[in-house]
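Each value in this text was obtained by applying a stated rule to the coordinates, not by laboratory testing. What you are looking at is a predicted structure, and each value in this text was computed from that prediction instead of being measured. Note that we place each Cβ from the backbone using ideal geometry, even for glycine, and neighbour counts take in every protein chain shown.
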Number of protein chains: 2
Amino acid sequence: MATISDVSKRAGVSRSTVSRVVSGNGYVSEANRRAIEVAIAELGYRPNTLARALRSNRSNVIGAVVVDIGTPYFANIIFGVQRAIRPAGKSLMVSSGYADQDQEARAIVEMVDRSCDGIVLYLERPMRADVVEIVRQAKIPVVSIGHDHCPLSRGRVALDNFEGARMAMRHLLEQGHRNIVYLSGDPEIGDAKDRLKGVEAALTEIGMSLSDIEVQAGLFHEDFGYEAGRALLRRRRDFTAVFAGADVIAAGLYLALGEAGLRVPDDISVIGFDDAYHAKFMSPPLTTIRQQPDVLGGQAANQLLGLLTGSETGPLQSLVGTSLVVRSSVAMRHLAKEVA
Amino acid sequence: MATISDVSKRAGVSRSTVSRVVSGNGYVSEANRRAIEVAIAELGYRPNTLARALRSNRSNVIGAVVVDIGTPYFANIIFGVQRAIRPAGKSLMVSSGYADQDQEARAIVEMVDRSCDGIVLYLERPMRADVVEIVRQAKIPVVSIGHDHCPLSRGRVALDNFEGARMAMRHLLEQGHRNIVYLSGDPEIGDAKDRLKGVEAALTEIGMSLSDIEVQAGLFHEDFGYEAGRALLRRRRDFTAVFAGADVIAAGLYLALGEAGLRVPDDISVIGFDDAYHAKFMSPPLTTIRQQPDVLGGQAANQLLGLLTGSETGPLQSLVGTSLVVRSSVAMRHLAKEVA
DNA sequence: CCTTGAAATGAAATCGATACCATTCTTTGT
DNA sequence: ACAAAGAATGGTATCGATTTCATTTCAAGG
């Protein structure tokens with residue numbers, strides 16, 4: 001591999017001058033610049049990133065730590081990050097914490113030790129104090145996606161869970177439903193809390209309150225939808241609609257409903273949240289609240305980029321909107337009555 | 001940040017000795033070792049990865065280039081890679097090529113320039129010659145997943161597409177189906193070719209041939225399933241089963257079948273390939289051939305690790321198996337007849 | 001008692017770049 | 001004609017580690 005010295009010899013200039021044309025700072029005469037460019041091309045020179053990073057203290061690597069890289073949701077976040085940083089010439093290093101504090105700690109320290117310029121974080125539990133200290137000392141800017149579990153975050157991007165949930169609930173209400181069940185996600189997770197407030201807001205708007213509906217909490221997982229659905233049906237059958245806090249929950253619920261011989265939306269209306277890939281292939285296709293994880297990732301990356309160039313100083317904050325996707329899993333309530 | 005010099009001063013030894021205990025090679029007296037460990041703990045010293053990599057020419061970073069990191073399939077591959085390399089203390093850098101030769105080229109060169117120790121590659125088209133040259137010069141070991149598009153690969157792991165497709169086809173045949181349509185994936189992609197051979201093999205086993213069924217080629221995308229399904233139904237209705245070359249194709253097909261008022265599996269049996277996340281939530285749940293992308297990624301990473309430690313010299317080769325997941329989308333043929 | 005080799009250590013070179021400083025050469029304004 | 005500012009360049013220190021080499025110490029074997 002050709003080094004900067006090889007180039008400087010070939011072009012008959014000092015290494016300093018070569019460095020100036022490669023990095024683009026400082027004065028270089030037109031003649032020398034051309035000679036150096038020729039030498040670079042002839043030798044196929046590409047600067048050694050490690051040496052450059054070591055000396056200049058900038059690696060041009062962005063770190064991303066998410067809960068689970070194998071999941072479509074987080075993969076999309078990563079995709080958004082990647083797309084945003086590529087034009088800036090940054091590379092991406094990824095790691096997962098798997099909702100485990102120790103693994104998360106290791107993943108973050110890994111990013112610090114690899115001299116990442118900045119870190120995008122999606123954590124599900126508070127950052128360990130020793131890790132906070134390490135990040136602070138390293139003076140590496142951090143932006144969080146979702147709930148901010150890092151006291152050092154200089155930016156944050158979150159989904160507008162409140163508005164999304166309100167939209168979902170309003171939709172059910174507008175279709176005439178009053179006897180509703182809300183299958184909430186894990187209340188430990190910030191998202192679920194905000195969504196519950198959104199549900200309440202929609203209810204309040206038409207003079208109802210949270211106590212007028214049934215709320216059940218569980219994990220963002222299909223099993224919760226299935227089990228909750230079964231338990232519910234054993235107990236009562238008078239509800240006409242379910243708001244599932246996540247599309248995976250809705251998927252499990254569909255199963256339970258199907259086993260009980262109930263049809264969506266004729267007997268029970270269902271609305272989901274996420275617009276996951278499978279939503280439109282469920283039968284009937286699921287009406288749901290769309291969120292775009294790649295936008296979350298992209299905005300977080302852009303915040304970080306702004307922090308790095310110094311064009312922003314933070315703390316930054318942005319809320320990403322959702323939209324209602326109407327498919328065929330919600331029916332008007334009077335229609336449901338007629339069928340029954 | 002504490003450096004190795006700080007540690008050496010504090011422990012009253014030379015930097016060389018500290019380096020020996022940190023890296024674990026060379027002789028160090030028990031007394032010094034302990035003193036150094038104490039100093040390291042007190043200072044909170046963590047070696048500078050960049051400096052270490054620059055000098056030793058090993059970065060402990062593995063690069064992974066896949067077609068599209070945002071896709072569940074590739075995200076799972078990445079997950080598998082990550083899981084396999086973590087115990088070895090390696091970090092992961094990822095990039096996507098998006099089936100574009102130039103972007104793939106850039107992604108690979110990025111990995112080389114970042115001094116990755118090795119690269120896991122999932123390419124969909126041949127590697128550009130200049131990139132091959134760059135990788136060759138850098139002497140970085142490469143292993144490929146799927147079709148091997150890199151002449152330098154020292155390892156390869158592929159899915160047993162042949163056996164998987166044969167299994168799928170056999171299943172339809174065993175259920176009595178003879179009038180079958182195969183919705184193949186893009187024949188440009190190696191996977192599809194192998195699957196077609198598997199289909200043929202299953203047919204041959206019972207004395208039929210490829211010409212006895214209808215084969216249509218398209219993209220691995222739901223739209224293909226939908227469009228192909230509609231076109232097919234306009235033309236003929238005598239087939240009793242469809243083998244969809246991918247679960248996404250099956251999903252699109254379900255839509256077309258539903259619109260035509262046909263029911264799965266009573267009117268038409270459908271079998272898929274992949275066992276994608278949504279397969280079990282389709283209605284009826286899709287019978288399909290399961291493949292585990294994370295296993296592909298994991299095996300590729302392990303090959304790479306073996307190559308790096310020198311315990312393997314390559315070229316390595318491994319074939320990952322599939323399994324039949326029976327759900328409810330395939331019925332016995334006589335049963336279908338009765339309903340009709 | 002001397003030789004030999006292993007154990008233990010430190011000094012200095014090195015990896016490949018950038019940063020900083022000093023120097024020289026042009027301009028430009030007065 | 002001279003000072004001052006800007007343009008252009010090179011030399012050297014430096015980033016923080018590992019590697020190589022030379023040296024010293026010590027125990028075992030003949």
Exercise. What is the local net charge at A:A11, summed over the other residues whose Cβ is closer than 11 Å to its Cβ (Lys, Arg +1; Asp, Glu -1)?
Worked result: +2
For this session: Provide the per-residue ³J(HN,Hα) series for region B:100-112, in order, calculated from phi with Karplus coefficients 6.51, -1.76, 1.60 and θ = phi - 60°, each as a whole number of Hz, with x at glycine and proline positions.
Result: 10, 4, 5, 5, 4, 4, 4, 4, 5, 4, 4, 5, 4
Exercise. Residue by residue, what Karplus-based ³J(HN,Hα) values in Hz, rounded to whole numbers, does region B:83-90 have, using 6.51, -1.76 and 1.60 with θ = phi - 60° and x for Gly and Pro?
Worked result: 4, 6, 8, 4, x, 8, x, 8
Seminar exercise, completed: Reduced to Cα centres, the span from region A:103-164 to region B:247-317 in Å works out to 34 Å
For this session: Quick one: which residues, 5+ away or cross-chain, put their amide H under 5 Å from the amide H of B:R156? H built at 1.01 Å from N.
Result: B:S144, B:L316, B:Q317, B:S318
Exercise. Assigning unit charges at the beta carbon (Lys, Arg +1; Asp, Glu -1) and nothing else, what dipole magnitude in debye, to the nearest 20, does chain A show about its Cα centre?
Worked result: 1360 debye
Problem set entry | Centroid-to-centroid separation of region B:220-235 and region A:19-74 [C-alpha atoms, Å] | 48 Å
For this session: Within 10 Å of each Cβ in peptide B:105-113, how many partner chain Cβ atoms are there on average? Round it to a whole number, please.
Result: 2
Seminar exercise, completed: Everything considered on the Cα gyration tensor (a ≥ b ≥ c; rounded for a/c under 1.5, else prolate if a/b is larger than b/c, else oblate), region B:189-263 must be described as oblate
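Take the residue pairs A:K139/B:K9; A:K193/A:K280; A:K90/A:K280 and return only those whose Cα atoms are more than 31 Å apart.
Working: A:K139/B:K9 25 Å; A:K193/A:K280 26 Å; A:K90/A:K280 35 Å.
Long pairs (Cα-Cα over 31 Å): A:K90/A:K280.
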For this session: Would you mind calculating the relative contact order of region A:127-271 from Cα pairs under 8 angstrom and at least 6 residues apart, reporting the percent as a whole number?
Result: 22 percent
Exercise. Restricting to chain A, what percent of DSSP beta bridges are antiparallel, rounded to 5?
Worked result: 10 percent
For this session: Please name whichever of B:I140, B:L319, B:S56 sits farthest to the positive end of the charge dipole of chain B, dipole taken about the Cα centre and charges placed at Cβ: Lys and Arg +1, Asp and Glu -1.
Result: B:S56
Exercise. Once the other residues with Cβ under 11 Å from the Cβ of B:V28 are scored (Lys, Arg +1; Asp, Glu -1), what is the net sum?
Worked result: +1
For this session: Report the residue, chosen from A:G89, A:G155, A:G190, that carries the largest GNM mean-square fluctuation when chain A is represented by alpha-carbon nodes joined by springs under 10 Å.
Result: A:G89
For this session: List the relative contact order of chain A as a percent without decimals, with contacts defined as Cα pairs under 8 Å and 6+ residues apart.
Result: 17 percent
Seminar exercise, completed: Phi-derived 3J(HN,Hα) across region A:153-162 with the Karplus relation (6.51, -1.76, 1.60, θ = phi - 60°), rounded Hz, x for Gly and Pro, is 3, 9, x, 7, 10, 9, 7, 7, 4, 4
For this session: Return the loop-located trypsin sites (Lys or Arg not before Pro) in region A:140-210 (DSSP other than H, G, I, E, B) with at most 16 other Cβ atoms within 10 Å of their own Cβ; answer none if there are none.
Result: A:R178
For this session: For B:A260, go 7 angstrom from Cα along the Cα-to-Cβ vector, then report the distances to that same point in the other copies in nm, smallest first.
Result: 3.5
Problem set entry | Three-way shape call for region B:251-340 based on the alpha-carbon gyration tensor, with the a/c threshold at 1.5 | prolate
Exercise. Hey, in the GNM for chain A with a 10 angstrom Cα cutoff, which one of A:R235, A:R114, A:R136 fluctuates hardest?
Worked result: A:R235
Exercise. For B:A64, which sequence-distant residues (separation of 5 or more, or a different chain) have an amide H within less than 5 Å of its own amide H, given hydrogens modelled in the peptide plane?
Worked result: B:M93, B:V94, B:S95, B:V120
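Report, in debye and to the nearest 20, how large the dipole of region B:124-242 comes out about its Cα centre when Lys and Arg carry +1 and Asp and Glu carry -1 on their Cβ.
Using Cβ point charges on Lys, Arg, Asp and Glu, region B:124-242 gives about 60 debye.
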Seminar exercise, completed: Non-local residues with an amide H under 5 Å from the amide H of A:S323, with H modelled 1.01 Å from N and Pro and chain starts lacking one, are A:R290
For this session: For chain A, set up a Gaussian network in which alpha carbons nearer than 10 Å are linked by springs, and say which option among A:P187, A:P47, A:P72 fluctuates the most.
Result: A:P47
Exercise. From the Cα gyration tensor of chain A, with a ≥ b ≥ c the square roots of its eigenvalues, which class applies: rounded if a/c is under 1.5, or else prolate if a/b is larger than b/c, or else oblate?
Worked result: prolate
Exercise. In peptide A:82-90, how many Cβ atoms from other protein chains are near each Cβ within 10 Å, on average?
Worked result: 2
Problem set entry | Mean residue ellipticity (222 nm) of chain B, computed from DSSP H runs ≥ 4 via -39,500 (n - 2.57), nearest 500 | -14500 deg cm²/dmol
Exercise. Roughly what % antiparallel, to the nearest 5, for the DSSP beta bridges in the protein assembly as shown?
Worked result: 10 percent
